[in-house]
């Protein structure tokens, strides 16, 4: 929506931690690493990652960055660092998780929602247990393939949840909600995760992790 | 062995020498649930007491010699440990300041402060105990018929009754430090009950590959097998078998929740309550469980045996006595008499004898003798077994000192004892099934009230079905588990066939037994301990016509106490049938309703976190000293400088320039070939004539012509519009837009940009000058007129905004929209640039008054069902739709356009200058000989130097110059205040400042 500008951009999240490594990226001051991140679980702010809404009555015909949209709503696909989530028959979202920011196609179905959404990554062993205290959604169905997504409330706030990885020792979930709820959401997740020693972490924890299939 | 003495009344009296804990406690190891090496000290009243790790509060107290735990609600009778399952209020105690904690099930923790309830002075000597002799004054339903006349004394009696009633006292200053939280659990199969049937069901389901959750109310699995020494199969005791099953559950992929009871079950969802504390991170937790199939394996409780003084401390159920000994290593008494109606009573009598307790006699109230092996075991131990005998009266004033046994033919026998183990048989725990919709009916085969049929996805297993054979109990669990897995799509046919075949080979449900009881007197034969309801009360209830369980429950209060009908529930239908000389088959038990067990109210609210919505400039406003207001979930700046009247803020907007955070505005992009059709449909004004660069202020009406929302629509380009709504209304407008266009075949899209776009409002006579200084574009009045919409590059093209010029507060006003991520930086830059112009931030309080001065409509305060857009004086915003169709609200406006006698919105100012010091109240009513309207919004305006406001009044009062009589709710009836109707707007009526 706006060309890169000298005005600094801000994500909705502010962690009261000391950043150890910072990178300026498209106007955002992205924290790559905090001083005391601990050993997990981690809460990572990815709100600066590009996010687009795609709305069209003929959604299945659209191939964002060459990706094929999942057939049914509440399904998602991960390819080349993009997570493509089909929310309804007419509405999808594309989150760019890894790699350099792409150009959004200048076409009617696309709307840039990077600024409109909070995107958080939750990583660690106890993420399923932690999210059980926040969200009444069936996210951890072992029989369903990964990645998987659901739409539902987290702390009663409409959210999108996606699972990238699920194992007894390590899980990765992504949580997206409205920007205005971001700070409150992050604070409450940290509070909920106190028992598991959840701490904020920089983006690097997320980008360094994950199988090559993510990228 | 205890020495028996003679009492004055001839009954033997126990020497009070207790051996509370079993000396050779290690011999109990297989079933022992306490750790004797870990002592825990706590306080009971003023005393320091010690228990063991694994004790419940009640068992620790019992082990310390405490026999009276509370006093009853009505008759103030001493009450003791009766069951260990929380079935009555006998052991409700105040623990760590929290009243009504169930000491029977609450695990002991170090440093707990335990106090008895409903007691004056001491448990043993309570002066209010005289109430026990006042039973003649308190018949069934006494509160419905007594103390009503004379009516002047009714309040006096009510006050005293209320003071005397209730259990426990809440300290209003008490603040709980306990952690209450909530957990959402998703599963395929939910098994309720961790006994042998429940464990077998959970394992069978888990083997089928589905997700399984197992809930158990005790801190361990095992259920009824856990403490019993009976034989499961040759060489294997029941408790060995329960350990073996629990070990298998441990290794299976089953989620187990101990100390967890289901309090509600409905289609696909269960609510359970979990006790925490100790090493847990919570004290109480509400589990919200979503399942696809449920197995109820809650087993049986014991039916209370009815006899005179059956509530005396020292009378307890079989399970309670046996578990005290085998699980907690406590002698329930020194010398016991058993009066029982099931084989487990015989087993317990033999077992307790073997542990060293004297068993004086075992009376079996069944018509047929019990299991021959067990009878033989009693005979070997030289314990008298009295078939067809039962207890008819417990002796002793504050605790059991003896018992009278009775047989219809052979008469009476008296025994000295300090423990009377009493049980009339078993009763299935069908509450969880009942709340799923399963209707219970009398089953003559088992003598139980069991569901006639079960809803889909609901199964029952184990002793609840009437099975008593250990192998059959387990096999029924396996079958139920497989069926539940089958409900979830697992392939279980072969395994189920095999399991059913095994079950067929095992003994079926035990036949119902006739039991003999004496309920002739019933004056102090308690059916319900919690509410002090006796057989006599039930007889009175039947005599008054309340002769079935539901009305009798309400008339007498039986089953309405904290025990949720645990003690009276099984007896009530049976007893009422007997009192009216009918068969129990025609009687239904009372309806079970959630919560099935009591849970603290705080648990229901646990985990409910209200998230606030924050603007991107929240921290900057905080630094500027904002006071906050929560509006539609947004935390918005209400005022600054600690001045709720917002004088400086208003002064800045009227005299120089004010800046406001408008991020909470709803913002939508409506685009596509048919976008204008959508706008034409939902807005009452015309949208089709909007050209790029222009905007329009309009209203959304409902089907009755009432005003719902206001919005500004700006045209970005062909087929591309932005809609801006008032703060907090975005979601509602979006929903309205979708709902009123979804059945049209229109090609358009709506993108919600509420969160994506930040918004800053600059208003004031110097706003244009400031803006011009920031941009190279021409923003002069002709180039950027009122309701213009422009794309501007500000601050040497560092920031691009979409600017909308409005007149919201009656001054030159610019709403600047930019990406939300840039809003904080933009705010900082604008306020820095604005310093030279005397810019000041302003909040909602100032905005409300500024808009009122300009006569702007305050949606929801001024719009209501009785008035339309036209009544509100906004006809200029209505573009009549010639086709008469399509525009929501148009038809209603046409219909009401010519009507007279409607309410009208008017402006007014207070008549007297003295009103300056006494603000008029919003909501004051307009009166003459009747109510003629009400004040919608009123404020004192420093700009105008008078109190102004708007009101909805009857049409004949709407003419300017009319004098309004106003009445405020706290006035004397004859008092009035007066205002004059004046034309709107109050400020700048020719709009020179706004347009200039």
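Every read-out reported here was derived from the displayed coordinates using simple, explicitly stated rules and does not represent laboratory data. Worth saying up front: this structure is predicted, and the values here are computed from it rather than measured. Backbone-built Cβ (ideal geometry, glycine too); neighbour counts: all protein chains shown.
Structural remarks
- Value of Rg to Rh for the stretch B:307-423, rounded to two decimals, is 0.93; Kirkwood radius and Rg both from alpha-carbon coordinates.
- Considering the protein assembly as shown at the alpha-carbon level, its Rg and Dmax are found to be 37.6, 115 Å.
- Once C-alpha pairs closer than 8 Å and six or more residues apart are averaged by separation and normalised to the residue number of the stretch A:51-112, the relative contact order reads 39 percent.
- Put simply, the convex hull of the Cα atoms in the stretch B:356-429 casts, on average, a shadow of 6.5 nm².
- For peptide B:819-832, the mean count of partner chain Cβ atoms within 10 Å of a residue's Cβ comes to 5.
- Global form of the stretch B:835-980, assessed from the alpha-carbon gyration tensor, a/c cut-off 1.5: oblate
- The stretch B:526-604, Cα convex hull volume normalised per residue, Å³: 78
- Taking only Cα atoms of the stretch B:618-852, radius of gyration then Dmax in Å: 17.5, 54
- Within 10 Å of the Cβ of each residue in B:599-611, the mean number of Cβ atoms contributed by other protein chains is 3.
- Scaled radius of gyration (Cα, divided by 2.2 N^0.38 Å) that chain B gives: 1.26
- Packing-based ranking, highest mean first, of A:197-203, B:679-685 given that Cβ atoms within 10 Å are counted: B:679-685, A:197-203
- The stretch A:51-112 pair-distance distribution - Cα-Cα, 10 Å bins, rounded %: 24, 62, 14
- Here the translational diffusion coefficient of the stretch B:102-198 follows from Stokes-Einstein with Rh set to the Kirkwood radius across Cα pairs; for 25 °C and 0.890 mPa s it amounts to 128 µm²/s.
- Ranked from largest, the principal axis spans of the Cα set of the stretch B:583-663 equal 89, 21, 21 Å.
- Potential lengthening between residue A:18 and residue A:79 on full extension [0.36 nm per residue; Cα-Cα distance subtracted]: 18.6 nm
- Degrees between helix B:343-354 axis and first principal axis of chain B (Cα, 0 to 90, nearest 10): 70
- The ranking of B:247, A:56 from fewest to most other beta carbons within 10 Å of each one's beta carbon is B:247, A:56.
- Over chain B: helical MRE at 222 nm, DSSP H runs n ≥ 4 each giving -39500 (n - 2.57), nearest 500: -6500 deg cm²/dmol
- Axis angle, to the nearest 10 degrees, between helix B:568-579 and the longest C-alpha principal axis of chain B: 70 degrees.
- Put in line by how crowded their Cβ is, counting other Cβ atoms within 10 Å and starting with the fewest, B:940, A:90, B:322 read A:90, B:940, B:322.
- DSSP beta bridges confined to chain B are antiparallel in about 75 percent of cases.
- Length-normalised contact order of the stretch A:87-162 in % [C-alpha pairs under 8 Å, at least 6 apart]: 19
- Inter-probe distance in nm under a simple model that places probes 7 Å from Cα toward Cβ, at residue B:550 and residue B:169: 3.9
- DSSP beta bridges fully contained in the stretch B:307-423 are about 40 percent antiparallel.
- Cα-based shape type of the stretch B:125-174, given that a ≥ b ≥ c are square roots of the gyration tensor eigenvalues and the cut on a/c is 1.5: oblate
- Pairs of Cα atoms nearer than 8 Å and 6+ residues apart set the relative contact order; for chain B it is 9 percent.
- Segments A:21-32, B:280-291 sorted - mean Cβ within 10 Å per residue, highest first: B:280-291, A:21-32
- The length gained by stretching the chain between residue B:914 and residue B:48 to full extension, at 0.36 nm per residue less their Cα-Cα distance, is 304.9 nm.
- Per-residue Cβ neighbour rank within 10 angstrom, fewest leading, B:184, B:817: B:184, B:817
- Each principal axis of the Cα cloud of the stretch B:455-566 was evaluated for its coordinate range; sorted largest first, these ranges are 57, 31, 23 Å.
- Among beta bridges from DSSP that stay inside the protein assembly as shown, the antiparallel ones total about 80%.
- Note on chain A: the alpha carbon radius of gyration divided by the globular reference 2.2 N^0.38 Å gives 0.97.
- Three-way shape label, the stretch B:839-909, alpha-carbon gyration tensor, a/c 1.5: prolate
- The angle separating the long axis of helix B:844-853 from the principal Cα axis of greatest extent in chain B is about 40 degrees.
- Within 10 Å of the Cβ of each residue in B:612-624, the mean number of Cβ atoms contributed by other protein chains is 3.
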